[in-house]
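Enquirer: For reference, the structure I am asking about is given below.
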Amino acid sequence: MDFILIAVIVLGAIGLIAAVVLFAASKKFAVYEDPRIAHVGEVLPGANCGGCGFPGCSGMADALVKGADAGSLDGLFCPVGGAETMGKVADLLGMAIANSEPMVAVVRCNGTCEHRPRIAEYAGLRTCAAMHACGAGETACGFGCLGCGDCEAACQFDAIKVNPETGIPEVDEEKCTSCGACVKACPRNIIELRKKGPKGRRVFVSCVNKDKGAVSMKACKVSCIGCGKCEKECPFGAITVEGNCSYIDFNKCRLCRKCVTVCPTKAIRDVNFPTPAPAPKPKEPKKEEEAKA
Amino acid sequence: MEKLIVSLSPHAHGTDTVERNMYGVIIALMPALLVSFFYFGLGSVVVTATSVAACVFFEWAISKYILKQERNTIMDGSAILTGLLLAFNLPSNLPIWIILIGALFAIGVAKMTFGGLGNNLFNPALVGRAALLVAFPAQMTSWPQAGQIGSYLDAETGATPLSVMKEAIKSGDASVLEKLPESLHMFIGLPSDSAFGAGSLGEVCALALLIGLAFMLWKKIITWHIPVSIIGTVFVFAGLLHLANPVYANPFSVIFSGGLMLGAIFMATDYVTSPMTPKGQIIYGVAIGILTVVIRNWGAYPEGMSFAILIMNAFTPLINNYVKPKRFGEVPAKN
Amino acid sequence: MNIKTFSIGGIHPEENKLTHEAVTQVAALPKQAIFPLSQHIGAPAKPVVQKGDKVKVGTMIAEAGGFVSAPIFSSVSGTVFKIDTAIDATGYRKPVIIINVEGDEWEESIDRSDKLETVEAHPDLTPEKIVECIKNAGVVGMGGACFPTFIKLTPPPTAKAECVIINAVECEPYITADFRLMMEKADEILIGLELLMMGAKVTTGYIGIETNKMPAIELLTKKCAEKFNGSKYKVEVVPLKQRYPQGGEKQLVDAVISRQVPAPPAIPVNVGAIVQNVGTAYAVYEAVMKHKPLFERYTTVTGKKIKNPGNFLVRMGTPMKDLIEACGGMPDGDNKLLAGGPMMGKALTSVEVPICKGTNSVTVISDVEARRKEPQPCIRCAKCVGACPMGLEPYLLAKISEVQNWERAEQEDIVSCIECGSCQFTCPAHRPLLDNIRQGKSTVMGIIRSRAAKK
């Protein structure tokens, strides 16, 4: 019996001493962290994707609290959580938040196997970066998509996959969080983050080829030839043609689709519209014009 | 004109392949295999055939049904090689069911769980042997005498040179060492009066193993650094001990006995588990040599080679991290 | 005889010097000559002609686009057809000048005679004049790197040149253009070397030649002794062991004068050596003594399935198609068309690519050799570590680049890689080591540059 008593007393004493030491240490060596950081961290999605530009959600929480203290949350946006999460964060920190439009990754190339014939066979390491360093790729277009899937490998949300039939990546709009990883991964800057648009509708030029029109047409049937018809047609001044290639500014575009109608090579694409864009009007015969004049 | 093929440089390749290296090692093992058939007869054939077949079967089955890999790797020769090396570590009277367990451990646990060829941390054959030694100590430490061609499970067992050396150290009596066969006989593998030629399949004839080493060096399958550093270190260390106290056997007996030759030439030089730089390989070899002598003389087991190699396998990633090859341009101008 | 070689690594690819004995032929003039504006390291040249202009052989058609740049001269006479874009050896469309060839009229200033012009006959030559001549003639490194020669001859103030080393090693398989040049123009090359030594203000010269070119070693040793014995110059022909990449400039400096160039940004002149290709030495002779700018070169056209492989004196701007036709045409079946040799050459997507200043060979690899084998997992055999001439660990650099760990890549000295391909050549598992390392090296160099720019 003595043994049991001695054991209990000894162990109890050790436990007590350890508790006192631990308590003292936790007080003396405590690191102060603003408790708001932990609260904000709980509200954030926890994906640690880096889409906000900070190292993980804890980095973002830190930046948000600092921003709140500085007076504004401008420039801070979590693409995964979206406006809903940002609203919760703003409530927590007692701030107002600017509304940011949802964005989505857009692949600006339509050079599928059907439209863009192969002129060489690539037999090296199958990554876009390696193929880009080797040359123009397997087709005559030195600007177009290489189809090896560096974007697919970079995406952490399974939102972009290369379609094996067309050879071009396709974006799943539900899953895309516009974190920008695929944009950085593409060695040819073909992918761009553009506004998702009302009801997911958007219009963009599906080509980044900067060769002259005759050359790019030989390489790909649906390439932009830089003719400028779209630029003239656009009533909102949203289109500029530079370096033989057209570009639509998504902040100015009002989705009227006049450019889609007028493009001779069908390089401009409209996405998620219920009806196709109207066909171009047939040209009036010249005789009638001269008779009128 | 047909499409041109493009890729980045280089556009030429040497003749070396994984298969050439693996099958080259298997060919280097042939002299020792023939010697083992000659000395241990039926037992050797059964053990070797079972081990090789089991290793190949387990690799095929795991690759196809558990890992569901597209391309089966059994044809690259590494499974056959593991089977042979495992067999060389076993006594010739080991029952088949124990060999199968050893093969499953070697391939399943030590190789495939880590990711297959190229990813294992420990030498698969040695892991198999170590597992069997710990699980079946009695069967794994009864060594048949050589010369019994027709016997398998019924072979008569006897003392090995290593067990004699252990006895001498334990008893403190140097005269026990007189029971050892002459070093020359251990080298060539000739029978003699006393406790000879009992041992595992690959232990008995150092000459056959050295012929294999010469073949591998000629075909540039391995470099000299690891075998020379292991054997050299053991010789020097054992020599110093022998000079200090005759209870320790003379260095020639030490290097020709047990699994030292087999380990130094075939097990420690395994590509995957040895360091990647010549300097690192020498450090690795010296450490294995020291550990082997320490375990043999002062450890519980008579044989220290397998454990020494397994311990150093664990250090290989550390050696790779800190021992870098001499970079071009680090040398200051000579003239 | 103890033959010199470099200290670390190296491999022995098959020689395949199919055109070793083929005497150089003059290639036929093309119907249309294509001149890319970027045939050298540095800023692309700027055109000084326009559509419709008439040019002669030797007329400047593009001027240097900056300090590190070189002018381009027409190699044909005719009319400028257009200034357009065309695919060049990089695989991309780049700006080019296209000239329709009419006749073969040369600029009067060029001396077309065969008379050997010696330095003694021109006592007015000074180092500054020589460098100026080289600069105006558009001479760049003819070994393939195309670095403007006049810049190499004027090292930065922190480095002092002690010797000129002529790179006549030609370690790549198949290529024999430099060998034929040495056999046929030895005297001119030695005068070119003398001019280079004068321009660099040194009196020591070396000529490094691999032992598979014994006739050239013997010929040049004899002529060197005749020319330089008793003069103020000390010139030595150094036979080198046949090993790839002996022709890499760092390996050459190590073998010839036993000094190792430190890691980048150090260059050979930091250990006192100025390395020039033997073709460049010849171009320097022609530029200074014959007032002939750089517009033609010695090129080998070869391949195991090419019917009549040969060495050619070809005008730059000639499409490769013309040369290949002259050698029997492209073979049937799978083919890889390379500008350069099989170890460091560039695979092309089109036979229309023109011969440029750095095109030392047109190699056609056919059939089984044209494709790569399927890669297997790394077996950690360390043969790549043994092969690397820069003392790096290719298996590690390739893995680090694959997982994009750029900090570790920089620590492991990835920028020292000379992209020779010895690692990938040796790998028994056929792993694409250099593809990954190249990617890592260019990313890390970009990171280093942007870090330096921020400071």
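Enquirer: From the list A:Thr265, A:Thr240, A:Thr177, A:Thr261, which residue is part of a helix (DSSP H, G or I), in the same structural domain as A:Gly142 (by TED's automatic domain parsing) and β-branched (Val, Ile, Thr)?
Expert: Values: A:Thr265 fails: part of a helix (DSSP H, G or I); A:Thr240 fails: part of a helix (DSSP H, G or I); A:Thr177 fails: part of a helix (DSSP H, G or I).
Among A:Thr265, A:Thr240, A:Thr177, A:Thr261, only A:Thr261 is part of a helix (DSSP H, G or I), in the same structural domain as A:Gly142 (by TED's automatic domain parsing) and β-branched (Val, Ile, Thr).
Enquirer: A further question on this structure: Looking at the structure I just gave you, is A:Ser26 of a type in the set (Ser, Thr, Tyr) and either at pLDDT below 85 or surrounded by 15 or more Cβ atoms within 10 Å (Cβ to Cβ) (or both)? Show your work before the answer.
Expert: Working: of a type in the set (Ser, Thr, Tyr): yes; either at pLDDT below 85 or surrounded by 15 or more Cβ atoms within 10 Å (Cβ to Cβ) (or both): no.
Against the criterion (of a type in the set (Ser, Thr, Tyr) and either at pLDDT below 85 or surrounded by 15 or more Cβ atoms within 10 Å (Cβ to Cβ) (or both)), A:Ser26 does not qualify.
Enquirer: Still on this structure: Among the residues of the range C:341-355, which ones are in a loop (DSSP other than H, G, I, E, B) and either facing chain B (nearest Cβ under 7 Å) or touching a His at 6+ places or on another chain (Cβ under 9 Å) (or both)?
Expert: Step one: list which residues in the range C:341-355 are in a loop (DSSP other than H, G, I, E, B), which gives C:341-345, C:349-353, C:355.
Of everything in the range C:341-355, those that are in a loop (DSSP other than H, G, I, E, B) and either facing chain B (nearest Cβ under 7 Å) or touching a His at 6+ places or on another chain (Cβ under 9 Å) (or both) turn out to be C:Gly341, C:Pro342, C:Met343, C:Met344, C:Gly345, C:Thr349.
Enquirer: Next up: Is there a residue being assigned by TED's automatic domain parsing to the domain that holds B:Ile188, more than 30 Å from C:Cys388 (Cβ to Cβ) and within 19 Å of the chain's Cα centre (by Cα) anywhere in the range B:264-286? Before the answer, list the steps.
Expert: Applying the first criterion (assigned by TED's automatic domain parsing to the domain that holds B:Ile188) to the range B:264-286 yields B:264-286.
Pick out the ones that are also more than 30 Å from C:Cys388 (Cβ to Cβ) and you get none.
Checked the range B:264-286: no residue is assigned by TED's automatic domain parsing to the domain that holds B:Ile188, more than 30 Å from C:Cys388 (Cβ to Cβ) and within 19 Å of the chain's Cα centre (by Cα).
Enquirer: Let me ask something else. Take C:Met320 and decide whether it is among the hydrophobic types (A, V, I, L, M, F, W, C), closer than 21 Å to C:Thr300 by Cα and within 7 Å of another protein chain (Cβ to nearest Cβ). Show your work before the answer.
Expert: Details: among the hydrophobic types (A, V, I, L, M, F, W, C): yes; closer than 21 Å to C:Thr300 by Cα: yes; within 7 Å of another protein chain (Cβ to nearest Cβ): no.
When the stated conditions are applied, C:Met320 does not pass them.
Enquirer: Please work out which one of (1) β-branched (Val, Ile, Thr); (2) surrounded by fewer than 23 Cβ atoms within 10 Å (Cβ to Cβ); (3) touching a Cys at 6+ places or on another chain (Cβ under 8 Å) is the condition C:Val403 fails and give its number.
Expert: All conditions are met except number (3).
Enquirer: Condition check: surrounded by 16 or more Cβ atoms within 10 Å (Cβ to Cβ), without any contact (Cβ under 8 Å) to a residue 60 or more places away in the chain and within 14 Å of chain C (Cβ to nearest Cβ). Does A:Glu138 satisfy that?
Expert: Details: surrounded by 16 or more Cβ atoms within 10 Å (Cβ to Cβ): yes; without any contact (Cβ under 8 Å) to a residue 60 or more places away in the chain: yes; within 14 Å of chain C (Cβ to nearest Cβ): yes.
Yes; evaluated as a whole, the condition is true for this residue.
Enquirer: Starting from the range A:124-135, take each residue that is more than 7 Å from every other protein chain (Cβ to nearest Cβ) and without any contact (Cβ under 8 Å) to a residue 40 or more places away in the chain and list its partners that are of a type in the set (D, E, K, R) and in a loop (DSSP other than H, G, I, E, B), counting only C-beta distances under 9 angstrom and pairs at least six apart or across chains.
Expert: A:Met131/A:Glu138
Enquirer: Mind listing just one residue for me: the one in the range C:312-340 that is part of a strand (DSSP E or B) and under 23 Å from B:Pro10 (Cβ atoms) and, of those, nearest to the chain's Cα centre (by Cα)?
Expert: Initial filter on the range C:312-340 (part of a strand (DSSP E or B)): C:312-315, C:319, C:335-339.
Imposing the further condition that a residue be under 23 Å from B:Pro10 (Cβ atoms) reduces the set to C:335-339.
Values: C:Asn335: 24, C:Lys336: 20, C:Leu337: 18, C:Leu338: 14, C:Ala339: 11 Å.
So the residue we want is C:Ala339.
Enquirer: Now for a separate question. Return the residues of the range B:159-187 that are out of contact with any helix residue (DSSP H, G or I) (no Cβ under 9 Å at 6 or more places or on another chain) and either in the same structural domain as B:Phe37 (by TED's automatic domain parsing) or in a loop (DSSP other than H, G, I, E, B) (or both); say none if nothing qualifies.
Expert: B:Thr160, B:Gly172
Enquirer: Restricting to the range C:307-337, give me the number of residues that are among the β-branched types (Val, Ile, Thr) and either without any contact (Cβ under 8 Å) to a residue 60 or more places away in the chain or in contact with a helix residue (DSSP H, G or I) (Cβ under 6 Å, 6 or more places away or on another chain) (or both).
Expert: Number of matching residues: 1.
Enquirer: Same structure, new question: Pairs needed: first member in the range A:100-113, in the same structural domain as A:Asn163 (by TED's automatic domain parsing) and of a type in the set (Asp, Glu); second member anywhere, assigned to a loop (DSSP other than H, G, I, E, B) and buried (at least 22 other Cβ atoms within 10 Å of the Cβ); C-beta distance under 9 Å; at least 6 residues apart or different chains.
Expert: none
Enquirer: Which residue, of A:Ala185, A:Ala219, is under 30 Å from C:Ser442 (Cα atoms) and surrounded by fewer than 21 Cβ atoms within 10 Å (Cβ to Cβ)? Talk me through it step by step, then tell me what you get.
Expert: Working: A:Ala219 fails: surrounded by fewer than 21 Cβ atoms within 10 Å (Cβ to Cβ).
After applying the criteria, what remains is A:Ala185.
Enquirer: Can you tell me which residue is farthest from A:Ala123 (Cα to Cα) among those in the range C:417-437 that are without any contact (Cβ under 8 Å) to a residue 40 or more places away in the chain and more than 7 Å from chain B (Cβ to nearest Cβ)?
Expert: C:Cys417
Enquirer: Do we have C:Ala64 as modelled with pLDDT under 95 and either under 18 Å from the mean Cα position of the chain (by Cα) or farther than 22 Å from C:Pro148 by Cα (or both) here? Lay out the reasoning, then the answer.
Expert: Details: modelled with pLDDT under 95: yes; either under 18 Å from the mean Cα position of the chain (by Cα) or farther than 22 Å from C:Pro148 by Cα (or both): no.
So C:Ala64 does not fit the description; no.
Enquirer: Here is a check on your reading of the model: is C:Gly358 farther than 30 Å from B:Leu81 by Cβ, of a type in the set (Gly, Ala, Ser) and at the interface with chain B (Cβ under 10 Å from one of its Cβ atoms)? Before the answer, list the steps.
Expert: Values: farther than 30 Å from B:Leu81 by Cβ: yes; of a type in the set (Gly, Ala, Ser): yes; at the interface with chain B (Cβ under 10 Å from one of its Cβ atoms): no.
No, not satisfied.
Enquirer: B:Phe105: over 16 Å from the mean Cα position of the chain (by Cα), closer than 18 Å to B:Asp270 by Cα, surrounded by 19 or more Cβ atoms within 10 Å (Cβ to Cβ) and at pLDDT 90 or above, yes or no?
Expert: Working: over 16 Å from the mean Cα position of the chain (by Cα): yes; closer than 18 Å to B:Asp270 by Cα: yes; surrounded by 19 or more Cβ atoms within 10 Å (Cβ to Cβ): yes; at pLDDT 90 or above: yes.
It is true that B:Phe105 is over 16 Å from the mean Cα position of the chain (by Cα), closer than 18 Å to B:Asp270 by Cα, surrounded by 19 or more Cβ atoms within 10 Å (Cβ to Cβ) and at pLDDT 90 or above.
Enquirer: Taking into account only those residues within the range B:60-83 that are assigned to a helix (DSSP H, G or I) and in contact with a Ser or Thr (Cβ under 7 Å, 6 or more places away or on another chain), which is surrounded by the fewest Cβ atoms within 10 Å (Cβ to Cβ)?
Expert: To start, the set of residues in the range B:60-83 that are assigned to a helix (DSSP H, G or I) comprises B:60-66, B:74-76, B:78-83.
Now drop any that are not in contact with a Ser or Thr (Cβ under 7 Å, 6 or more places away or on another chain), which leaves B:63, B:83.
Values: B:Ser63: 20, B:Gly83: 31.
Looking at residues that are assigned to a helix (DSSP H, G or I) and in contact with a Ser or Thr (Cβ under 7 Å, 6 or more places away or on another chain), I get B:Ser63.
Enquirer: Filter the range B:214-262 for residues that are free of Cβ contacts under 8 Å to residues at least 60 places away in the same chain and small (Gly, Ala, Ser) and give the result.
Expert: Within the range B:214-262, B:Ala214, B:Gly232, B:Ala238, B:Gly239, B:Ala244 qualify.
Enquirer: Moving on to the next point. What are the pairs with Cβ atoms under 9 angstrom where one residue, in the range C:349-371, is over 17 Å from C:Gly333 (Cβ atoms) and the other, located anywhere, is among the basic types (Lys, Arg) and assigned to a helix (DSSP H, G or I)? Sequence gap at least six, or different chains.
Expert: From the range C:349-371, the pairs are C:Ser350/C:Lys321; C:Glu352/C:Lys321; C:Val353/C:Lys321.
Enquirer: Between a first residue in the range B:4-25 that is more than 7 Å from every other protein chain (Cβ to nearest Cβ) and a second residue that is among the hydrophobic types (A, V, I, L, M, F, W, C) and in a loop (DSSP other than H, G, I, E, B), which pairs have beta carbons less than 7 Å apart while being 6 or more apart in sequence or on different chains?
Expert: Listed pairs, sorted by first residue: B:Gly24/B:Ile221; B:Val25/B:Ile221.
Enquirer: Can you pull out every residue in the range C:361-386 that is more than 7 Å from chain B (Cβ to nearest Cβ), surrounded by 23 or more Cβ atoms within 10 Å (Cβ to Cβ) and either hydroxyl-bearing (Ser, Thr, Tyr) or touching a strand residue (DSSP E or B) at 6+ places or on another chain (Cβ under 9 Å) (or both)?
Expert: Hits for the range C:361-386 are C:Ser361, C:Val362, C:Thr363, C:Val364.
Enquirer: Of the residues that sit in the range A:96-114 and are of a type in the set (A, V, I, L, M) and crowded, with 17+ Cβ neighbours inside 10 Å, which one is modelled with the lowest pLDDT? Working first, answer last.
Expert: Residues of the range A:96-114 of a type in the set (A, V, I, L, M): A:96-98, A:103-107.
Now narrow it down to the ones that are crowded, with 17+ Cβ neighbours inside 10 Å: A:97, A:103-107.
Values: A:Ile97: 60, A:Met103: 85, A:Val104: 91, A:Ala105: 92, A:Val106: 94, A:Val107: 94.
Selected residue: A:Ile97.
Enquirer: Look through C:Glu117, C:Glu128, C:Glu132, C:Glu107 and report the one residue that is within 24 Å of the chain's Cα centre (by Cα) and either acidic (Asp, Glu) or in the same structural domain as C:Val275 (by TED's automatic domain parsing) (or both). Talk me through it step by step, then tell me what you get.
Expert: On the way: C:Glu117 fails: within 24 Å of the chain's Cα centre (by Cα); C:Glu128 fails: within 24 Å of the chain's Cα centre (by Cα); C:Glu107 fails: within 24 Å of the chain's Cα centre (by Cα).
Just one listed residue meets the conditions, C:Glu132.
The values are calculated or read from the model by the stated rules, or taken from the named source; none is laboratory data. Since the model is a prediction, treat every value here as computed from it, not as a measurement. Cβ coordinates were reconstructed from backbone atoms using ideal geometry, including for glycine residues, and neighbour counts include every protein chain displayed.
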